[in-house]
Amino acid sequence: MNYLKPFLDSFRDLAPIVAVIAFFQVVVLQQPIPNFLDILTGLLFVVAGLTLFIRGLEMGLFPIGESMAYAFARKGSIVWLLVFAFALGFGTTVAEPALIAVAAEAATVAAGAGVIEELDQAKQSYAFGLRMTVAFAVGVALVVGVLRILKGWPVQYLIIGGYIGVVVMTMFAPKEIIGIAYDSGGVTTSTITVPLVTALGVGLASSIKGRNPMLDGFGLIAFASLTPMIFVMAFGMTF
């Protein structure tokens, strides 16, 4: 299997950020790049990792997500399909490294600000509650997204309604939780969640008569980044 082209594609994708860093380091700051060999080695590792990661998505996660969506559509059980969608959203989000890191950092900052006690148990409880809240929100988002595909609802109205909900919740949520809530919407759509959720939506839309994968298969990621904002603000109001 030829990995040279994917490797070159990954290097091309990373080239702009490398150029930006090099420009500001050498031209603006007028300083040599520190530890140049270490940075170059790290860059090669990043390119190799990105190449293998993308190839892994193409070989593993995308096919299995689409095949399971086809299988549930053929089975004809809406209940089991919705249960699967919730479990997929919940499970992938709990495993997100970005969410784990943000939740731990949020707990540390909350303890420093006096929102929770400066105890390891209190910080662990806060971080765990935050992760479970976000994971539950993503599960709910996928249930709504799957229902949208099944019913053919226009995605824009649901998204607009969701952001109206975000604005309303922002008016009532404690100010300490608002920033965390907004960031939670971003970290959920990361390495593990995006490939499987995208594959689920496209596979489901492709397997249902009258649905267009381009029009109906996408949009689940938008729900997955929207609902955590609302749920985390509710978490802050009740914690």
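Overview of values
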| quantity | calculated |
| --- | --- |
| Which numbered condition Leu52 misses (of (1) under 29 Å from Ser184 (Cβ atoms); (2) in contact (Cβ under 8 Å) with a residue 60 or more places away in the chain; (3) open to solvent by 90 Å² or more (accessible area, probe 1.4 Å)) | (2) |
| Matching option when the condition is open to solvent by 40 Å² or more (accessible area, probe 1.4 Å), within 26 Å of Gly91 (Cβ to Cβ) and in a helix (DSSP H, G or I), among Arg148, Arg131 | Arg131 |
| Residue count, segment 17-43 (criterion: open to solvent by 80 Å² or more (accessible area, probe 1.4 Å) and closer than 29 Å to Thr92 by Cβ) | 1 |
| Hey, Gly161 within 15 Å of Leu226 (Cβ to Cβ) and either of a type outside the set (A, V, I, L, M) or part of a helix (DSSP H, G or I) (or both) or not | yes |
| Residue in segment 168-215 that is surrounded by the most Cβ atoms within 10 Å (Cβ to Cβ), counting only those that are among the basic types (Lys, Arg) and not in a helix (DSSP H, G or I) | Arg211 |
| Residue that is assigned to a helix (DSSP H, G or I) and within 20 Å of the chain's Cα centre (by Cα), where the choices are Ala110, Ala98 | Ala98 |
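Residues are listed down the side, and each one gets a yes or a no for (1) in contact with a strand residue (DSSP E or B) (Cβ under 9 Å, 6 or more places away or on another chain); (2) more than 30 Å from Val197 (Cβ to Cβ); (3) aliphatic (A, V, I, L, M):
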residue	(1), (2), (3)
Arg12	no, no, no
Gln25	no, yes, no
Phe36	no, yes, no
Gly56	no, no, no
Tyr70	no, no, no
Val79	no, no, yes
Phe86	no, no, no
Gly91	no, no, no
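The values are calculated or read from the model by the stated rules, or taken from the named source; none is laboratory data. Here the structure is a predicted model, which means the values were calculated and not measured. For neighbour counting, all protein chains shown are included, and Cβ atoms are generated from backbone atoms with ideal geometry for every residue, glycine included. Each accessible area value is taken on the protein alone, full model and side chains, heavy atoms only, with ligands, DNA and RNA left out. Shrake-Rupley method; radii C 1.70, N 1.55, O 1.52, S 1.80 Å.
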